Amino acid sequence: MAMARISSGLAYPDRFYAAATYAGFGGDFPYSSAVISKFSNDVALLLYALYQQATVGPCNVPKPRGWSPVEQGKWTSWNGLGNMASIEAMRLFVKILEEEDPGWYSRVSDFTSDPVVDVEMNHNHQTELPSKNVVNVPEMKTIPTENGNHVETQDKDVLVDGVGYVGVYDQWVAPAVSGPRPKPRYEHAAAVIDDKMYIFGGNHNGRYLNDLQTLDLRNWTWSKVEVKANPEAPLTVTSCAGHSLIPWEGNKLLSIAGHSKDPSEVVNVKAFDLQTYTWSTMKTYGKPPISRGGQSVTLVGSTLVIFGGQDGNRTLLNDLHILDLETMTWDEIDTLGVSPSPRSDHAAAVHAERYLLIFGGGTHATCFNDLHVLDLKTMEWSRPSQQGEIPSPRAGHAGVTIGESWFIVGGGDNKSGVSETVVLNMSTLSWSVVTTVEGRVPLASEGPSLVLSSYNGEDILVSFGGYNGRYNNEVNLLKPSHKSTLQATRFGTPALDSGSGAQNATNGTRDVELEFETAQEAKIREISMDNNESQTNKANEVSERSIAALKAEKEELESALSNEKSQSLQLKQELLEAESKNTDLYKELQSVRGQLAAEQSRCFKLEVDVAELRQKLQTMDTLQKELEILQRQKAASEEAYAKQKQSSGGVWGWLAGTPPPIEKP
């Protein structure tokens, strides 16, 4: 979604003077060899011009007559700035220095503008650095608001108590960070564990990233996490964007879904172990969702609720899946009511561990500002009435919850970035605006990340990155006041609570609201006339009964949950046993198949032998017949010979004088 380019905020004069001193500027004509040695000639000339514009003003000196490339270059650069304001020149000086030397501030970490260190700036802008044992407080940049004013986070607004934190409420400020900044990006994922914000993946210039970066929220230092190879399960982490990052078990980060160049067919769950610094793919059971990005993943107890997104074919989705993190089993949920229309890049939150709220998101051409609520107990969708200042349609926004308050930052509508930071009271479903920045700053971006941190018991919202015509890698902070978390309450009556469904809010009308308000006023007048002691006793009795009922319901739910977990574990064990048995049966089947193949081969050989024997048998039958014929012929010949011998024997006997035998009568 294309958006206009947004300029960054202003820096403090003290930061400019520290930057100028670090860069080597000083004296009446600041262009020393120290400056040239640190930067290229063009950068050095530009820094010189900005320094002169910030400290002296517009160039009013005549053009040098003598031909000196250095003098001509300095005059030309300074004169080219025209009537640029001094504060703008300071801002550009610091910005260019940060681009050329990102770690400059960390190398002068002793510098601070906090009054407790008594840093003095003389008229020649020479910086007196404090001693090394002073706590370094992160300096804040101003973020311009919609009316043109700036958040003055000066010395009086910054407090020191071991770590620095913002001293103004309901305004965005940009802390000074040190260390190598991550590459600018959007559609990345972020999570906080042990006062460290982890950034994983994202999109930069159309390329997906797979680096893991961390920002230490105690000293505002960036560093890259060096991932180690997992010897047990080698894994090449795929570059991705539009995924979700969930903290789990205090030492793991779960990366779920996301777009990639070579997507898998189903959603994978990858885990990063913060103790071994290794990635691994977690084995899941059941039927996982199809691969997607731009979905919402919400942690509810020990389960993850996944809704919507966009698959690899750019098909928008509105299906609902649940992953039990204890059994790692997927379950696709059939819901009641009217589901939200298919969408991606929406925001989701959970209220009272029972209601899933879906806000905004978009299709390929349309953005939404509708609010949908899913009762996780009845699995029924509803679309309740929103109250207060309903936000404009948007997609690509980010949100976090603090108690009953749901803060939402950024997003866009295909034309421009959203400039206001809004908050929803999830009990009354009332919207209000916390603060509004100018439309052309990095906070008005699509695809930023937003996490919740805490300093000295106070909540801090931390935003990073985003895209608004350019990719950015800025960090911004906001400390919400009690006013911002409570002001939405006055706009409406409770619509969501732990004892009633979201559907109650769906059919509310103005007449019902007026009737309710009238009844409430009458009830207040009645209570005010009662005795304070009686009121207190009744309230205590009601409170005790409510607590007892809630405890009983909690115990019942915990018992049911325990039974479900036990059954799930039993089913998992049975599944493992079935898989083991199936493996054995498969091996046995393979063995039987081998034996059958051998028998088939032997049978074929026997058939060949039988065929040969049959052929020989037929030949023997023929020979037998021929033998019988020959034997009959031989017998006939012998008989004929005998007869012939007898008939011719009398003649030869007579000739020989042997008389023939006398026949007896």
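The values are calculated or read from the model by the stated rules, or taken from the named source; none is laboratory data. Please read these numbers as outputs of a predicted model, since none were measured by experiment. Neighbour counts run over all protein chains shown; Cβ positions are idealised from the backbone, glycine included.
Of all residues in segment 221-244, those being under 30 Å from D345 (Cβ atoms) and either in contact with a Pro (Cβ under 9 Å, 6 or more places away or on another chain) or assigned to a strand (DSSP E or B) (or both) number 7. Of the residues making up segment 218-243, those that are of a type in the set (S, T, N, Q) and either in contact (Cβ under 8 Å) with a residue 60 or more places away in the chain or in contact with a strand residue (DSSP E or B) (Cβ under 7 Å, 6 or more places away or on another chain) (or both) are N219, T221, S223, N230, T238, S239. Any residue at all in segment 275-295 that is in a loop (DSSP other than H, G, I, E, B), within 16 Å of the chain's Cα centre (by Cα) and at pLDDT below 95? The answer is yes; a qualifying residue exists.
Being closer than 22 Å to L376 by Cβ and surrounded by 10 or more Cβ atoms within 10 Å (Cβ to Cβ) is true of K551. Quick check: anything in segment 484-493 of a type in the set (K, R) and modelled with pLDDT of 70 or more? Among the residues of segment 484-493, not one is of a type in the set (K, R) and modelled with pLDDT of 70 or more, which makes the answer no. The test for being without any contact (Cβ under 8 Å) to a residue 40 or more places away in the chain and either part of a strand (DSSP E or B) or crowded, with 17+ Cβ neighbours inside 10 Å (or both) does not hold for L215.
From the list A271, A257, pick out the single residue that is out of contact with any Gly (no Cβ under 8 Å at 6 or more places or on another chain), small (G, A, S) and surrounded by 15 or more Cβ atoms within 10 Å (Cβ to Cβ).
Just one listed residue meets the conditions, A271.
Residues in segment 415-447 that are of a type in the set (S, T, N, Q), in contact with an Asp or Glu (Cβ under 7 Å, 6 or more places away or on another chain) and in a strand (DSSP E or B): N425, S432, T435, T436. All told, N468 meets the bar of being among the polar types (S, T, N, Q), more than 22 Å from L371 (Cβ to Cβ), assigned by TED's automatic domain parsing to the domain that holds P182 and surrounded by 20 or more Cβ atoms within 10 Å (Cβ to Cβ). Hey, any hits in segment 407-424 for a residue that's within 23 Å of V350 (Cβ to Cβ) and surrounded by fewer than 21 Cβ atoms within 10 Å (Cβ to Cβ)? No, segment 407-424 has no match at all. If the condition is being closer than 22 Å to Y285 by Cβ and crowded, with 18+ Cβ neighbours inside 10 Å, then segment 299-310 contributes L304, V305, I306, F307, G309.
Within segment 437-453, restricting attention to residues that are modelled with pLDDT of 85 or more and surrounded by fewer than 24 Cβ atoms within 10 Å (Cβ to Cβ), the residue that is farthest from G399 (Cα to Cα) is S453. For segment 375-406, filtered to residues that are free of Cβ contacts under 8 Å to residues at least 60 places away in the same chain and among the β-branched types (V, I, T), the residue that is surrounded by the fewest Cβ atoms within 10 Å (Cβ to Cβ) is I390. Out of segment 1-54, which residues are among the aliphatic types (A, V, I, L, M), buried (at least 19 other Cβ atoms within 10 Å of the Cβ) and at pLDDT 55 or above? Listed by number, the residues that qualify are A18, A19, A20, A23, V35, A44, L45, L46, L47, A49, L50, A54.
Across segment 338-346, not a single residue is classified as out of contact with any Leu (no Cβ under 9 Å at 6 or more places or on another chain), within 30 Å of L575 (Cα to Cα), modelled with pLDDT of 95 or more and not in a strand (DSSP E or B). Suppose the filter is loosely packed, with under 14 Cβ neighbours inside 10 Å and touching a residue at least 60 places away in the same chain (Cβ under 8 Å); does E332 pass it? In short, no.
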